[in-house]
Amino acid sequence: MKQTGTFGFVRVARYTEAVEYQKKAESRALRLEQQLETSREQSRGWKAKADQAHEALKQVQKTAAETRQKLERAEARAADLQVLQQRLAESERALTVAREQLMAIEVKLDILEGAANVLDARTRTVLMRRTATERGAPV
Amino acid sequence: MNDAPYLTIVVTGRNDDFGGDFNGRFFRALRFNHAQLAAAGVSHEFVFAEWRPIDGRHYLATLLAREFSDLGASGLRSFVVDPLYHDALSLNPRLAYQEFIAKNVGIRRARGAFVLSTNTDIYFGRGIISRLAERALERGVLYRAARHDLKATIDTTRTDWDVLEDERNCEIVNAIRPPYFTNASGDFLLLDRESCHELRGFNEVYRSAKIHIDGNFCMKAYACGLTLVDIGGVVYHVGRGTLHAQVGLYRGRPGEAPWGDIRWRSDVVYNNPPEWGLGLAPELPLDAHTTFLPFEWNAVGPMVALKRVVLPAVQQGMG
Amino acid sequence: MAPLSDRSSVTSHDRTPPTVSIVLTGRNDDYGVGFEARFFRTLRFNHRELTSRGIAYELVFIEWAPPQDRPRLVDRVFDAVPDLDPGVCRWYVVDAQYQAALSLNPRLVYLEFVAKNVGVRRAAGRFVLTSNCDVYFGRVVLDALARGSLMDGVVYRAARYDLKAEIGDGNPGWPEIEDPANLDGRPRSLRPPFMAGGTGDFVLLDRGTFHEMRGFNEVYRVARIGIDRNFLVKALSMGLTIEDIGGPVYHVNHAGSYRLTVHDYEGREGEAPWGNRRWHSSGVVYNNAPAWGLSEAPQRQLAKGVWFLDFSWDAVPPLVDLRGVVLPVSRLGGPRPGRYVSRM
């Protein structure tokens, strides 16, 4: 038997068992401490990674914001482009209509000019005949 | 009337070469519209009102009957109005033609379940034809259609769908919007016959102008509680019209315009008398297609009827 | 004799209407030097080829404003072409006053297409072919006429091949006409959609459609150049198809022909005897009056198959008809038929 701290007595086997148990506990405590340290290490590592991820997120958010701005500017330009294209189409249409009108007017002017000259020639013939008749000259 | 058609198309004109080759343009459009309606199985009649015919010339109604003898007496009915009615009814000597009183003559005598008041040079679009073919028009609804104006000086020797629907030929679209759907309304006003009679046709109270009388009808219809809708199809017209071509000439002197003063208050409406559309005029058949309305003072209402000028806000009902 | 009306019968012979009316115009004025001889040679050839293939045709000839001091072509043609049966011919001699009354350009000495309209209006054939007096029909053209498979509503065109002037001096036959060595310049091909190029030498169309079009442009009488091309623009505007018939016609070059003299008037186009070629023949078309083709001209018979169109102001269309100047329409799926060409 072995003496315990309070003058109690315990069997050797049980003492051995207890010592063994204590050794195991100490070993386990040591392991747990080590594990805790490892966890702390890992935790610090994760925290660092989290910090990095957070930084990266901030960076991405910043990039996203910039990209959104670029997109908005691009959309605005696209809208402007569409307006310009529409105006171009309208202008082309107006030009076509104007050219068609111009062609029709030029053809009509040709006819009018020709007619005026024909009438002028006919009128002169009549006037000359009349003048000749008045003078008694042979027509 | 068991053989009454589904649709009456009312137009007016005379043999005066209005706008150049009036008869040619009229006949081409009528031939086209008739062919499309017939192909779609829409039973219809044309009612032509010849107002103030020109002395010494054939009645346009006679030429029309000759050209469209295939339509039969039930497909084409013409009413030639004694020119004395124009003088008796006129409140503006510059108005050469009372277009809407003429149309009233036709509307009053229409037999169709639905009456379409339009003009002689209007082509009906596909959307309109198919809508009519459905035979699902509603009573109490005034149907309107936007007018597409094709370029004025195009070749019209052969006008068909390929020409009408090619947007390269279109100069402008006269868009229509609620609630009144005015804007070239005289070219397409479709309403059931009973409602036409309730409204008593176009304004015969204000006879000093013919401009905006069509829009005024839209206001009247709205004020009377009718529903106004876009029928969902379009009509086509070659050119932007004589009014558009000449309106600039009278900008500084609107009172001298041949269509009346453009500034009149066309948002003020009317109650026509019961004898609207020359309802009391005697009728003399001239031939199978044509009836002459000889002049009688009895058929001419009072020169002035101020009580018949009414505000649109009030529900008119059957006045 | 009363004028031709819209609905009157156009044939004066008691016979079945021919398959094709060939409309030509000319006069004995020695146009291009040796016109008469050229015409008769071509006529002999074409007549022989048409009859040998059994093609039922009539010749509608418009002798426009013939000079007073020379024999008329109608008085010489049957001696010059003995095989030509007067029974297949209808000859119209047109009073010279019509030229003066209709022309809007004093330099235009011959209103070729108004003359052709006179023939088109009076043609009796199921199809009408307008051509010129010095054009030989090629084999493919003749075979197409013989087959009888032409369609309504189609404007048939044929490319024009120019032959050297000396070929026309003899009596050319197929070996001379078809020999590539005798071509004067590269043979032209026709390009859609207009198929233009020497159009006046070959336009073939059914009579009904030709009449619906009211023939060639009679509104613009300031030039004759471009009137044929203008017809094609009008045809497209009406939704007609323009097709290459598949083979050429042959034209023998001669002094005074347009192609050989066009550059003589560079910079002074207004002085050319065919009018200013820069007018908008590609961009603006026409609506002829209902009395097109001098339909209201009083006509009296001179001999069997020969008529004289007396002058009457009633038959002359208005000097100016601006409403007859119209823009060609676009058609769904089709090209824009009008084309803007700057006059600068």
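Worth pointing out:
- Under 16 Å from the Cα of residue A:70 - lysines, other chains or at least 8 residues apart: A:62
- Counting Cβ atoms of other protein chains within 10 Å of each Cβ in C:236-243 and taking the mean gives 3.
- The charge dipole of chain A, taken about the Cα centre with unit charges on the Cβ atoms of Lys, Arg (+1) and Asp, Glu (-1), comes to about 660 debye, rounded to the nearest 20.
- Site pair residue A:30 and residue B:230 shows an inter-label distance of 9.1 nm when each label is modelled 7 Å from Cα along Cα→Cβ.
- Exceeding the 20 Å Cα-Cα cut-off - candidates B:151/B:210; A:108/C:116; B:103/B:307; B:151/C:116; B:103/B:220; B:103/B:151: B:151/B:210; A:108/C:116; B:103/B:307; B:151/C:116; B:103/B:151
- Of all DSSP beta bridges confined to chain C, the antiparallel ones make up roughly 35%.
- For the protein assembly as shown, the 222 nm mean residue ellipticity estimated from helices alone, with every DSSP H stretch of n ≥ 4 adding -39500 (n - 2.57) and the total spread over all residues, rounds to -11500 deg cm²/dmol.
- In percent, rounded to a whole number, the relative contact order of chain C is 23, using alpha-carbon pairs under 8 Å and six or more apart.
- Contact order, relative form, for chain B: 23 percent (alpha carbon pairs under 8 Å, 6 or more residues apart, mean separation divided by residue count).
- Two-site label geometry, residue C:143 and residue B:165: point separation in nm, points 7 Å out along Cα→Cβ: 4.0 nm
- Among C:151, C:238, C:195, residue whose mean-square fluctuation peaks in a GNM of chain C (springs only between Cα atoms under 10 Å): C:151
- Options C:327, C:43, C:158, ranked by Cα towards positive dipole end of chain C, top entry (Cβ charges): C:327
- Per the Kirkwood formula applied to alpha carbons, chain C shows a radius of gyration over Rh ratio, Rg over Rh, of 0.93.
- Farthest positive-ward along the protein assembly as shown dipole, Cα basis, beta-carbon charges - from C:254, B:217, B:201: B:217
- Test item: Cα-centred dipole of the protein assembly as shown, Lys/Arg +1 and Asp/Glu -1 on Cβ, debye: 3020 debye
- Other residues lying with their Cβ under 14 Å from the Cβ of residue B:174 contribute a combined charge of -1, Lys and Arg counting +1, Asp and Glu -1.
- Between C:255, C:235, C:146, the Gaussian network model of chain C with springs among Cα atoms under 10 angstrom shows the greatest mean-square fluctuation at C:255.
- Net dipole in debye of segment B:7-310 [+1 Lys, Arg Cβ; -1 Asp, Glu Cβ; about Cα centre; nearest 20]: 640 debye
- For chain A, with +1 on Lys and Arg beta carbons and -1 on Asp and Glu, the positive-most of A:67, A:126, A:103 along the dipole: A:67
- Rounded to the nearest 5, the antiparallel percentage of DSSP beta bridges internal to the protein assembly as shown is 35%.
- Net charge contributed by nearby residues that have their C-beta within less than 12 Å of residue A:56 (K/R +1, D/E -1): +1
- The distance linking segment C:144-214 with segment B:39-54 is 48 Å (Cα centroid to Cα centroid, whole angstrom).
- Residue with peak Gaussian network fluctuation, chain C [Cα springs, cutoff 10 Å], from C:177, C:167, C:22: C:167
- The longest stretch of chain B left intact once loop-based GluC sites (Glu not before Pro) with at most 13 other Cβ atoms within 10 Å are removed from consideration, loops following DSSP, is B:139-282.
- Charge tally in the Cβ shell below 12 Å around residue C:176, where Lys, Arg are +1 and Asp, Glu are -1, residue C:176 excluded: -2
- For segment A:55-90 versus segment C:74-112, the gap between their alpha-carbon centres in whole angstrom: 75 Å
- Anisotropy class of segment B:7-310 from Cα gyration tensor, a/c 1.5 cut: rounded
- Straight Cα distances below 14 angstrom link residue C:164 to the aspartates and glutamates C:134, C:176, C:178, C:179, C:184, with same-chain residues fewer than 8 positions distant left out.
- If you sort the three axes of the alpha carbon gyration tensor as a ≥ b ≥ c, you get a/c of 1.5 or more for the protein assembly as shown and a/b no higher than b/c, which makes it oblate.
- Peptide C:317-326 - average C-beta neighbours from other chains (10 Å radius): 6
Throughout, read-outs are computed from the coordinates displayed, never taken from laboratory work. These numbers come from a predicted model, not from an experiment. We place every Cβ from the backbone using ideal geometry, glycine too, and count neighbours over all the protein chains shown.
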